[in-house]
Amino acid sequence: MPPEASVTDPLLAFTQGASPYQLASEDVSPHIYVDADDFKGVQRTAQDLANDFGRVVGNNGTLSLIGSPDTVQWSDGPVIIAGSIGHSSLIDSLVSKNKIDVDKVEGLWEAYTSVVVEAPFSGVPWALVIAGSDQRGVSYGLYDISEQMGVSPWYWWADVPVKTKSEIWVRKGPKVQGSPSVKYRGFFINDEAPSLTGWADGKFTKSEYGSSFTGEFYKLVFELCLRLKGNYIWPAMWSSMFYVDDANNGDIADDFGVFMGTSHHEPMARAGNEQGEFMAGPWDWSRNRDNITQFFEEGVERSKNWDTIYTLGMRGDGDAESPTLTADALEDIIQVQQSILKEELGLDNAGDVPQTWVLYKEVGKYYQAGMKTPDDVILLWTDDNSGNIQRLPLANETDRSGGAGIYYHFDYVGAPRNYKWINTIQLVKTWEQMHLAYEKQARELWIANVGDIKPLEIPLTHFMDMAYDMSKYTSPKGTSEWLHRWATREFGADVASQTAEILTTYGTMLIRRKYELLSDQPYAFSTANYDEVEKIMSDWEDLLELTESTYDSLDEATKVAYYQLIMHPVEAGKTVVDLYNKNALNAWYAQQGRTSTNAMANDVQALFAQDQVITEKYHTLNGGKWNHFVDQVHIGYTYWQDPSVNAMPNMTYLGESNATDDWIMGVSIQGSSASAPGDSLPSLLPVDPYMPSTEKRYLDIFTRNNGTFSYHISSNVSYVSVTNDEGTLEAPGSKSDIRSVISVDWEEAPPGLSWVALRVKRTDICKGPAVVALLPVNKTSVPDEFEGYVESGGVVSWEAEHYSSAEEKNGLSYVTIPDYGRTLSGLKLWPVTHPGRTPEDAPKLTYSFYSFTDRPEAQLVVYLGGSLNHDPSLPLKYAYALDGGSPVEVQPIPDEAMGSLPPGWNDATVAGGWTSYSTLKVPAGAHELSLWLLEPGVVVQKVVMDLGGLKSSALGPPESQKV
């Protein structure tokens, strides 16, 4: 169940008069009392809170561990009493005296109440009491005070400055925080070389096995986990062995009150690397059952006194599919593992200790084959490693006592590409998938693969906050609201709106293509069509400008954190995207013979060098505290695995031509690589009155050799004009290219199709070739009564949220997910708990559009999110109909067997979503397209009616004009 809403939230105030209870000031600090017999995790967190008061007001609190309330020498100053119900004589005494009411939290999981109690004990005028249902409940209550008074969970890991205060007051309360939405919540440190490992090697002493991930490292990790209100960790495993690298690691985790687990392929609390160190024989159940069983037994014996969630099952050697494993063998393995747990832990039922079986990759096929899985095991479903959940609990699986959970990726090593450099996560997509998982009852365990922890601070925080209290994320606006809250907490209200906008825009940029995928050929974004490359470069330029201005407005301390979390991903990301965009323009310009080809190649080299400068800047932050954290190679991928070093893309340099001076002037038209004189220019792209507002038509004039020339552009009609109709260009230099944008006076233009000649002539010589470019001018019109989108250039394009009408039917409606996907937003059916529908009982979306030409084989193109068929019995579907015709159902994602991915998955993952095509007849005239989304996992972003003019691009044509 989601946490119960707080009665008083926030509990703290920072101005006199807001409360009669002063908790701390520059001259006063509180005394914190904890029972000496209470959990070590409570005692340790109380000390953290004492230190946090020092960070905020300049005076540390004081912690006292007491044996009995009757023997306490109470402080004269403010008092905080903290403890867990049933384990603290202080709390139990207050409960027995009816001084505090714990009915709403007692017996719950990780719940707490915070309340000011007057005269709790003799000699104490008042005290802030934090009573937890268990040790983590108390810890969360204590850290809640820290966070409210200005200590971010990322105060150490991202240098977020503490928000200092001169005085702190506490309201009476009570604040009641119920159980978290998801029982077990945490993160997996993975793919931790070279960045995290390089950093740790420079900071911590290595173990005898060569790992730096010892207790001093994990103390920082566990504190972060608890401050993020998590309770579960999968430790680093590439070259590490958690329980072996430091013999104290298990005790340290237990002292913090954190559950330890092991990753999807490391069963029974044993690291994968322990197999080679401590196990005899091969990692093959069919050939080495006895030794593997002993290996499991030793793992449970070692961990039995600590909070552990045991990973069950097996994969093959080295986190790969086993060639010998079968569903029957896996049943046997899990049965043996549960028997070991019962025997080693002295349990009547294995389910008395938490266990999970991770259905990762091929493991799902064993389940699909009918494998019997004990009900008391948490089924941990997974995404496709790229944020698209593959399977969720079916209706007949939701009553299992073990429940279900999700293993989700913010970092990955594997196809189609590794992505482990910096943050490439669209937060609202994470919300859409995890909200769906939560509503489908996958609520027992959530764990996120966060690679090196940094620089994935933001998606990790978002994920953990949802897991802790999903009640704040029931609306599609929940992510944007979270962003504003988070930015306010970390950087202050003055820059919260700008920061939220920056991160929202950044997410849109990255869902289009991750950095590691930009080296693919053909290039992701089109240099020819829809001015896609140039628009993307402009978007990044605008984003960097906003980010820099926001960064510059901050004080120096805040800039350190802002650079890590916001400025660096934008600055570094733009550099890499610009590098590839300019590399694509370099190749495009080379085809046209522009002298600026070489300047573009030089820009690519400069950007490659700038990438290293930005890396070094990050590594010198805060005196080099984060050295190595962005060491990951990220430029020059040729297949799924990263290259050994960042590698420059291939570039083209043009030598000076020996051609005559007549060759110096070049003219190209929009969308063509041809260059005249020399090539035969195609006609310009047609222009009409209904072109999208972002679309322009133009000529480019440029130098094709070193030297200088002047030019003039003339039109043979008065109603067509151009900008930059005359000028002088020279090379080498920055004035070697110029763009002439075409405009049409539609009042003067004749009806129908006419052809206009634009003549480009050199004026610096008496004779010389002229270039004539033909422009089709198509003056069309729609009936006055028509309302909707209008065809231009052979397409009609609209964003999904811009419907003419949307029905509500059978308790269902449509909601817009702001900022979802590659362009504007997503649209999905709501609520997400409904079963699959048919067009007859699903609500209908209607879109009005107008076409000027008859197209017997037009194509309906639907741009979707990356979601997969998470219910094999109800694959994702939508239906469409034109002008009231019979609905046609479409299944955009092919069926796939569990443990495998559907055909087309690679392309959809690379592109950031599926694109679905259907052929239909579209006569000229006004039309209504009906669209039904038939399953809640379908998220539609954009719809295009291709009437013969759709061109290849990553993002599709811009939205058409609406009248």
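Assess whether Val300 counts as being surrounded by fewer than 20 Cβ atoms within 10 Å (Cβ to Cβ), in the same structural domain as Cys225 (by TED's automatic domain parsing), closer than 21 Å to Asp376 by Cα and touching a helix residue (DSSP H, G or I) at 6+ places or on another chain (Cβ under 7 Å).
Numbers: surrounded by fewer than 20 Cβ atoms within 10 Å (Cβ to Cβ): no; in the same structural domain as Cys225 (by TED's automatic domain parsing): yes; closer than 21 Å to Asp376 by Cα: yes; touching a helix residue (DSSP H, G or I) at 6+ places or on another chain (Cβ under 7 Å): yes.
So Val300 does not fit the description; no.
Can you confirm whether the range 42-49 contains a residue that is among the hydroxyl-bearing types (Ser, Thr, Tyr), farther than 18 Å from Val116 by Cα and within 40 Å of the chain's Cα centre (by Cα)? So that I can check it myself, show each step before the final result.
Let us first name the residues in the range 42-49 that are among the hydroxyl-bearing types (Ser, Thr, Tyr), namely 45.
Narrowing the set further to residues that are farther than 18 Å from Val116 by Cα leaves 45.
Those still in the list that are within 40 Å of the chain's Cα centre (by Cα) too: 45.
So far as the range 42-49 goes, yes, one or more of its residues are among the hydroxyl-bearing types (Ser, Thr, Tyr), farther than 18 Å from Val116 by Cα and within 40 Å of the chain's Cα centre (by Cα).
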Here the qualifying pairs (Cβ atoms under 8 Å; residues six or more apart or on different chains; first in the range 198-214 and touching a residue at least 12 places away in the same chain (Cβ under 8 Å) and assigned to a loop (DSSP other than H, G, I, E, B); second of a type outside the set (D, E, K, R) and surrounded by fewer than 13 Cβ atoms within 10 Å (Cβ to Cβ)) come out as Ser212/Thr205; Thr214/Thr205
Could you look through the range 459-473, keep only residues that are out of contact with any strand residue (DSSP E or B) (no Cβ under 9 Å at 6 or more places or on another chain) and either of a type in the set (Gly, Ala, Ser) or without any contact (Cβ under 8 Å) to a residue 40 or more places away in the chain (or both), and pick out the one that is surrounded by the fewest Cβ atoms within 10 Å (Cβ to Cβ)?
-> Ser471
Is it the case that the range 41-54 has a residue that's on the phi < 0 side of the Ramachandran plot, touching a residue at least 60 places away in the same chain (Cβ under 8 Å) and assigned to a loop (DSSP other than H, G, I, E, B)?
-> no
Could you identify the single residue in Thr547, Thr505 that is surrounded by fewer than 22 Cβ atoms within 10 Å (Cβ to Cβ), assigned to a helix (DSSP H, G or I) and under 22 Å from the mean Cα position of the chain (by Cα)?
-> Thr505
Those residues of the range 55-86 which are under 26 Å from Gln148 (Cα atoms), touching a residue at least 40 places away in the same chain (Cβ under 8 Å) and assigned to a loop (DSSP other than H, G, I, E, B) amount to Gly58, Trp74, Ser75, Gly77, Pro78, Ile85
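Condition check ((1) outside any helix (DSSP H, G or I); (2) more than 24 Å from Lys828 (Cβ to Cβ)) across all residues:
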| position | (1), (2) |
| --- | --- |
| Trp421 | yes, yes |
| Ile425 | yes, no |
| Lys429 | no, no |
| Gln433 | no, no |
| Leu436 | no, no |
| Arg443 | yes, no |
| Ile447 | yes, yes |
| Ile453 | yes, yes |
| Ile458 | no, no |
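Asp103: without any contact (Cβ under 8 Å) to a residue 60 or more places away in the chain, buried (at least 18 other Cβ atoms within 10 Å of the Cβ) and in the same structural domain as Arg171 (by TED's automatic domain parsing), yes or no? Can you show your working first?
Working: without any contact (Cβ under 8 Å) to a residue 60 or more places away in the chain: yes; buried (at least 18 other Cβ atoms within 10 Å of the Cβ): no; in the same structural domain as Arg171 (by TED's automatic domain parsing): yes.
Criteria not met by Asp103.
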For the range 394-418, how many residues meet the condition of being surrounded by fewer than 22 Cβ atoms within 10 Å (Cβ to Cβ) and charged (D, E, K, R)?
-> 3
Quick one: what pairs do we get from the range 326-351, first residue without any contact (Cβ under 8 Å) to a residue 40 or more places away in the chain and assigned to a helix (DSSP H, G or I), second aliphatic (A, V, I, L, M) and crowded, with 17+ Cβ neighbours inside 10 Å, C-beta under 7 Å, 6+ apart or different chains?
-> Gln338/Ala350; Lys342/Ala350; Ala350/Leu341
Residue ID - surrounded by the fewest Cβ atoms within 10 Å (Cβ to Cβ), chosen from residues in the range 728-767 that are among the polar types (S, T, N, Q) and farther than 17 Å from Leu699 by Cα | Ser734
Filter pass, Asp92 being surrounded by fewer than 19 Cβ atoms within 10 Å (Cβ to Cβ), outside any loop (DSSP other than H, G, I, E, B) and out of contact with any Ser or Thr (no Cβ under 8 Å at 6 or more places or on another chain) | yes
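Going through the range 898-948 one residue at a time, which ones are of a type in the set (Val, Ile, Thr) and in a strand (DSSP E or B)?
Taking the range 898-948 and keeping what is of a type in the set (Val, Ile, Thr), we get 909-910, 915, 919, 922, 938-940, 943-944.
Within the range 898-948, Thr915, Thr919, Val922, Val940, Val943, Val944 qualify.
When you look at Glu516, is it of a type in the set (D, E, K, R), at pLDDT 95 or above and crowded, with 20+ Cβ neighbours inside 10 Å, yes or no? Spell out the reasoning first.
On the way: of a type in the set (D, E, K, R): yes; at pLDDT 95 or above: yes; crowded, with 20+ Cβ neighbours inside 10 Å: yes.
So Glu516 passes the test.
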Filter the strands (runs of 3 or more DSSP E) completely within the range 710-785 down to those with at least 2 residues that are more than 12 Å from Leu684 (Cβ to Cβ) and not acidic (Asp, Glu).
-> 726-731, 737-744, 752-762, 770-779
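The values are calculated or read from the model by the stated rules, or taken from the named source; none is laboratory data. None of the values given here were measured: they were computed from a predicted structure. Every residue, glycine as well, gets a Cβ built from its backbone with ideal geometry; the counts of neighbours run over all protein chains shown.
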